[in-house]
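To start, the structure under review is shown below, and the notes come after it.
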């Protein structure tokens, strides 16, 4: 069983949000909250609120225990882009794209064999991105 939370129309580009999401992907909840609280990015505050909402959904709607949850999937999709003009020389204008994003966080329950891996720091090769 999984619990989801969505954040739509976040006025930060998906590329910038994705950098912070990569930090918490496949991490236990308590570690992910600690990472988001100490990350100096503008998206981290919004993602912290979204993560707490997903935990609340898991506990209240699905009956899961908060201590057994981990971030199984998280991603940011592009939302609508506002087009604005910046005046430049000779009466011309350059287009400014103000991007937005839709963010989704999915939480899963850790089974007992997998829980031991998370406690030891062996989370299925999520660190191997080279």
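The values are calculated or read from the model by the stated rules, or taken from the named source; none is laboratory data. Predicted model, so just to flag it, every value in this text is computed and none were measured. Cβ coordinates were reconstructed from backbone atoms using ideal geometry, including for glycine residues, and neighbour counts include every protein chain displayed.
Looking for something modelled with pLDDT of 95 or more and part of a helix (DSSP H, G or I) - is there at least one such residue anywhere in the stretch 76-89? Before you say what the answer is, go through the steps one by one.
Just the residues of the stretch 76-89 that are modelled with pLDDT of 95 or more, to begin with: 76-89.
Still in the list and also part of a helix (DSSP H, G or I): 89.
Scanning the stretch 76-89, I find at least one residue that is modelled with pLDDT of 95 or more and part of a helix (DSSP H, G or I), so the answer is yes.
Could you say whether any residue in the stretch 33-45 is in a helix (DSSP H, G or I), modelled with pLDDT of 95 or more, in contact with a strand residue (DSSP E or B) (Cβ under 6 Å, 6 or more places away or on another chain) and crowded, with 20+ Cβ neighbours inside 10 Å?
no
Only residues that are touching a helix residue (DSSP H, G or I) at 6+ places or on another chain (Cβ under 6 Å) and more than 18 Å from residue 108 (Cβ to Cβ): list them for the stretch 40-54, please.
Within the stretch 40-54, 41, 43, 44, 48 qualify.
How about the stretch 5-22: which of its residues are more than 13 Å from residue 79 (Cβ to Cβ), buried (at least 18 other Cβ atoms within 10 Å of the Cβ) and either touching a helix residue (DSSP H, G or I) at 6+ places or on another chain (Cβ under 6 Å) or without any contact (Cβ under 8 Å) to a residue 40 or more places away in the chain (or both)?
Across the stretch 5-22, the qualifying residues are 5, 20.
Quick one: how many residues across the stretch 80-108 are in contact with a strand residue (DSSP E or B) (Cβ under 7 Å, 6 or more places away or on another chain) and loosely packed, with under 10 Cβ neighbours inside 10 Å?
Step one: of the stretch 80-108, the residues in contact with a strand residue (DSSP E or B) (Cβ under 7 Å, 6 or more places away or on another chain) are 81-88, 93-108.
Narrowing the set further to residues that are loosely packed, with under 10 Cβ neighbours inside 10 Å leaves 83, 86-88, 94-95, 97.
The total comes to 7.
Just need a number here: residues in the stretch 60-74 that are touching a residue at least 60 places away in the same chain (Cβ under 8 Å) and either at positive phi or over 18 Å from the mean Cα position of the chain (by Cα) (or both). Outline the logic, then answer.
Of the residues in the stretch 60-74, the ones touching a residue at least 60 places away in the same chain (Cβ under 8 Å) are 62, 64, 69, 72.
Cutting the leftovers down to either at positive phi or over 18 Å from the mean Cα position of the chain (by Cα) (or both) gives us 62, 64.
The qualifying residues number 2.
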